[in-house]
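Visitor: Please find one structure pasted underneath; my questions will follow.
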Amino acid sequence: MRKPSLSPSKISIYLACPMKYRWTYLDPRGKLFIRSKPYYSFGSSLHVVLQRFHDEGDVGVSTVEEAVAKLEESWITAGYSSPEEAAEALAEGRELIAQYVEEYQARPATAKTLHVEKQFRDDLGEFILIGRIDRIDEHEDGTIEIVDYKSGREETSLEEIQNDLAMNCYQLLIRSKMPGKRVLSTIVALRTNQSVSFEPSTEDLNWFRQNLIQLGVEIIERDFDELRPSAKPICANCDFLPLCLRDESFASDLSELEKVEQS
Ligand code: SF4
């Protein structure tokens, strides 16, 4: 039997709400309710441009003008409430990409890019951990840098990187693929181009790995057919609310929760 696989997105969705995990990945009825989100479209559009810009084997997007043209060509409009809203976001995306490319090219070149938008896998025993990494650079001293773009963010912090589930998963994946290398994690907040880097200790990563395996086993062994939805603040903005509302006790719990929140 094929080993199950888990990614940081899958695990994050499970942690937010196991029922949401069921609707997203296991129950085909869920797919009918998933709506496009403007922030995903915005992020995906920017990622396409940055992938081309940083791909060392691709010289098609290497200037500000080419990067902006690529953004316009690959612009995703799904999820925006009107053409005006999409146009406003595109204008913001153009500025952001231009600023990124200008600032990147003004920096001294001390690293080469090894991979862009590449998926890595590692067998953690009961399941395969998979993760798609935005960019991996190698510095002159051999240090590897994992770079993750946050398209909706104006700032990031050391604390955010330390606690970021995806960044810790990427560390595990890269350290297992490139043993003996120093590995840095960097988050780039694209709205301001601010970036912060961090190198977790081996002890911290071992602790994370043990907890991740425990959590992964819980997910793959859970009986999702028996699961009932439970009311929580995020339900109000969840795509699957119409599906969960079919459960009568959930509907009454949610209305009680709303009353408490309004009082
Ligand atoms: S509506 Fe609430 S319980 Fe249902 S999937 Fe969404 S977050 Fe989970």
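The values are calculated or read from the model by the stated rules, or taken from the named source; none is laboratory data. These numbers come from a predicted model, not from an experiment. Glycine also receives a Cβ, built like all others from the backbone with ideal geometry; neighbour counts cover every protein chain displayed. We work out accessible area using only protein heavy atoms, side chains counted, and drop any ligands, DNA or RNA first. Shrake-Rupley method; radii C 1.70, N 1.55, O 1.52, S 1.80 Å.
Visitor: Taking the criterion of being in contact with a helix residue (DSSP H, G or I) (Cβ under 8 Å, 6 or more places away or on another chain) and open to solvent by less than 20 Å² (accessible area, probe 1.4 Å), would at least one residue in segment 50-57 satisfy it?
Guide: Taking every residue of segment 50-57 in turn, at least one turns out to be in contact with a helix residue (DSSP H, G or I) (Cβ under 8 Å, 6 or more places away or on another chain) and open to solvent by less than 20 Å² (accessible area, probe 1.4 Å).
Visitor: List the number of the failed condition for residue 115; all other conditions in (1) open to solvent by less than 60 Å² (accessible area, probe 1.4 Å); (2) outside the structural domain of residue 142 (by TED's automatic domain parsing) hold.
Guide: Here residue 115 meets the rest and fails (2).
Visitor: Further, regarding this structure: Considering only segment 209-220, I want to know if a residue exists there that is more than 16 Å from the ligand (Cβ to nearest atom), free of Cβ contacts under 8 Å to residues at least 60 places away in the same chain, open to solvent by 80 Å² or more (accessible area, probe 1.4 Å) and not acidic (Asp, Glu).
Guide: Checked segment 209-220: at least one residue is more than 16 Å from the ligand (Cβ to nearest atom), free of Cβ contacts under 8 Å to residues at least 60 places away in the same chain, open to solvent by 80 Å² or more (accessible area, probe 1.4 Å) and not acidic (Asp, Glu).
Visitor: Within segment 205-233, which residues are in contact with a helix residue (DSSP H, G or I) (Cβ under 8 Å, 6 or more places away or on another chain), part of a helix (DSSP H, G or I) and modelled with pLDDT of 95 or more?
Guide: Matches in segment 205-233: 205, 208, 209, 212, 215, 216, 219, 224.
Visitor: Then there's this: For segment 69-84, indicate whether the set of residues that are open to solvent by less than 50 Å² (accessible area, probe 1.4 Å), in contact (Cβ under 8 Å) with a residue 24 or more places away in the chain and closer than 24 Å to residue 115 by Cβ is non-empty.
Guide: yes
Visitor: Related question: Could you check segment 165-201 and list, in sequence order, the residues that are open to solvent by 40 Å² or more (accessible area, probe 1.4 Å), over 20 Å from residue 107 (Cβ atoms), among the polar types (S, T, N, Q) and touching a residue at least 24 places away in the same chain (Cβ under 8 Å)?
Guide: Once the filter is applied, which keeps residues that are open to solvent by 40 Å² or more (accessible area, probe 1.4 Å), over 20 Å from residue 107 (Cβ atoms), among the polar types (S, T, N, Q) and touching a residue at least 24 places away in the same chain (Cβ under 8 Å), segment 165-201 yields only 176.
Visitor: Out of everything in segment 236-261 that is without any contact (Cβ under 8 Å) to a residue 40 or more places away in the chain and open to solvent by less than 60 Å² (accessible area, probe 1.4 Å), what residue ends up being nearest to the ligand (Cβ to nearest atom)?
Guide: That would be 241.
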